[in-house]
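Asker: First the structure, then my questions, so here it is.
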Amino acid sequence: QVQLVESGGGLVQPGGSLRLSCQASISGVSIYAMGWYRQAPGKQRELVAGFTSGGSTNYADSVKGRFTISRDNAKNTVYLQMNSLKPEDTAVYYCNAEGSVYPYDYWGQGTQVTVSS
């Protein structure tokens, strides 16, 4: 069983910062990778930032230099630090984990990030 609980979303002005947290409760599942996705209305869900099983990080071109993914293994928590936020960053952000047990892809409930004046 994998449960992902997100927090940290909200309303922020352009240029501001937010830090998203994903607390993972994992039992009986091996996790191969974790990351953050986002989806704006009418658009496809896209990878924002992620860890591979080897610990490497990947970022969408649109967020490179502004967003940073990190993790605290002791707390089983993954973070997404978002700086220099732009209105186009507005979306629902989802925590994702890829695991060894069906359905193999696990998702959090999503947290709304709105960047607006």
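Asker: From the P(r) of the chain, can you give the percent of Cα pairs sitting at distances over 22 Å?
Answerer: The share of Cα pairs beyond 22 Å in the chain comes to 28 percent.
Asker: What is the packing order of peptides 31-37, 104-110, taking the mean over residues of other C-beta atoms within 10 Å and listing the highest first? Could you put the intermediate results ahead of the total?
Answerer: Values: 31-37: 19.6, 104-110: 15.1.
Final packing ranking: 31-37, 104-110.
Asker: Further question: Starting from the Cα of Asn73, step 7 Å along the direction of its Cβ; do the same at Ser7; then give the gap between the two resulting points in nm.
Answerer: Between Asn73 and Ser7, the simple spin-label model gives 2.4 nm.
Asker: Taking the alpha-carbon distance from Lys75 and a cut-off under 19 Å, which aspartates and glutamates remain once sequence neighbours fewer than 8 residues away in the same chain are dropped?
Answerer: Glu6, Glu98
Asker: Gaussian network model of the chain, Cα springs within a sub-10 Å range: biggest mean-square fluctuation belongs to which of Leu11, Leu20, Leu80?
Answerer: Leu11
Asker: Find the accessible area per residue for the chain; the probe is 1.4 Å, ligands and nucleic acids are left out, and the unit is Å².
Answerer: 54 Å²
The values are calculated or read from the model by the stated rules, or taken from the named source; none is laboratory data. These numbers were taken from a predicted model, which means no experiment stands behind them. Reconstructed Cβ throughout: ideal geometry from the backbone, glycine too, with neighbour counts over all protein chains shown. The accessibility values were calculated without ligands, DNA or RNA, using every heavy atom of the protein model including side chains. Shrake-Rupley method; radii C 1.70, N 1.55, O 1.52, S 1.80 Å.
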